[in-house]
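Enquirer: Take a look at this one; I'll ask things after.
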Amino acid sequence: MNYDDIIHMKHPTSPHHPRMSMNNRAAQFAPFAALKTHVDKISEAGRLTTQKRVLDEDQRQILNRVLNNLLSHKKEHPFITIDYFVEDEYKEGGSYVTVRAQFKDIDEINKQVILRDKTTISIENIYHISVYKNQD
């Protein structure tokens, strides 16, 4: 659309009604702001979270073996898939995320897996790791 015919026209003003102040104009829309907050709260309450799974002793040993194996092959940067827990910012619990990337190293001080894309994942939140020989 081309508005050249009206773009430079004077703003219409009613001869019978005074112009409304900006505060009064804003007040007309204030009730809708309350509805948005209400809808946001309903959406948040309906959003599901999951509790963090606790690894048993056997699962911890398997995870430790996989991590040690990754350390011994870190120069090869193997492709891995990691399932890990991400805590929810607003509610109790969280969700599990799966990431597929190349392994870089393990930060033993901060107990984190470091991926080649510089992503870090806390070892305590890892549920499962799969290692791939090549990039299928």
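Enquirer: D117 fails exactly one of the following numbered conditions: (1) touching a Lys or Arg at 6+ places or on another chain (Cβ under 9 Å); (2) touching a residue at least 24 places away in the same chain (Cβ under 8 Å); (3) exposed (fewer than 12 other Cβ atoms within 10 Å of the Cβ). What is the number of that condition?
Expert: The one condition D117 does not meet is (2).
Enquirer: Among the residues of the stretch 120-130, which ones are loosely packed, with under 13 Cβ neighbours inside 10 Å and touching a helix residue (DSSP H, G or I) at 6+ places or on another chain (Cβ under 9 Å)?
Expert: S130, the sole residue that qualifies.
Enquirer: Give all pairs with beta carbons closer than 8 Å in which a residue from the stretch 41-62 that is within 20 Å of V97 (Cβ to Cβ) meets a residue that is of a type in the set (K, R); count only pairs at least 6 apart in sequence or on separate chains.
Expert: Filtered contacts from the stretch 41-62: E44/K91; R47/K91; T49/K91.
Enquirer: For K91, indicate whether it is surrounded by fewer than 13 Cβ atoms within 10 Å (Cβ to Cβ) and either of a type in the set (D, E, K, R) or within 14 Å of the chain's Cα centre (by Cα) (or both).
Expert: Answer is yes for this residue.
Enquirer: Those residues that are among the acidic types (D, E) and surrounded by 11 or more Cβ atoms within 10 Å (Cβ to Cβ), I need them from the stretch 45-87; list them, please.
Expert: E76, D83, E87 - these are the residues of the stretch 45-87 that are among the acidic types (D, E) and surrounded by 11 or more Cβ atoms within 10 Å (Cβ to Cβ).
Enquirer: If you take the residues of the stretch 63-81 that are touching a Phe, Trp or Tyr at 6+ places or on another chain (Cβ under 8 Å) and part of a helix (DSSP H, G or I), which of them is modelled with the lowest pLDDT?
Expert: Once the filter is applied, the top-ranked residue is K74.
Enquirer: Name every residue in the stretch 120-136 that is over 17 Å from V54 (Cα atoms) and free of Cβ contacts under 8 Å to residues at least 60 places away in the same chain, in order of residue number.
Expert: Scanning the stretch 120-136 gives T120, S130, Y132, K133, N134, Q135, D136.
Enquirer: Considering T120, T98, which residue is at pLDDT 85 or above, polar (S, T, N, Q) and under 17 Å from Y132 (Cβ atoms)?
Expert: Among T120, T98, only T98 is at pLDDT 85 or above, polar (S, T, N, Q) and under 17 Å from Y132 (Cβ atoms).
Enquirer: Filter the stretch 82-128 down to residues that are β-branched (V, I, T) and assigned to a loop (DSSP other than H, G, I, E, B), then give me how many there are.
Expert: 2
Enquirer: Find the residue count for the stretch 95-114, including only residues that are touching a Leu at 6+ places or on another chain (Cβ under 7 Å), of a type outside the set (G, A, S) and either under 16 Å from T81 (Cβ atoms) or surrounded by fewer than 11 Cβ atoms within 10 Å (Cβ to Cβ) (or both).
Expert: Selection size over the stretch 95-114: 3.
The values are calculated or read from the model by the stated rules, or taken from the named source; none is laboratory data. In this text the structure is predicted, and so the values were computed from the model without any measurement. Methodologically, a virtual Cβ is constructed for each residue, glycine included, from the backbone with ideal geometry; neighbour enumeration extends over all protein chains shown.
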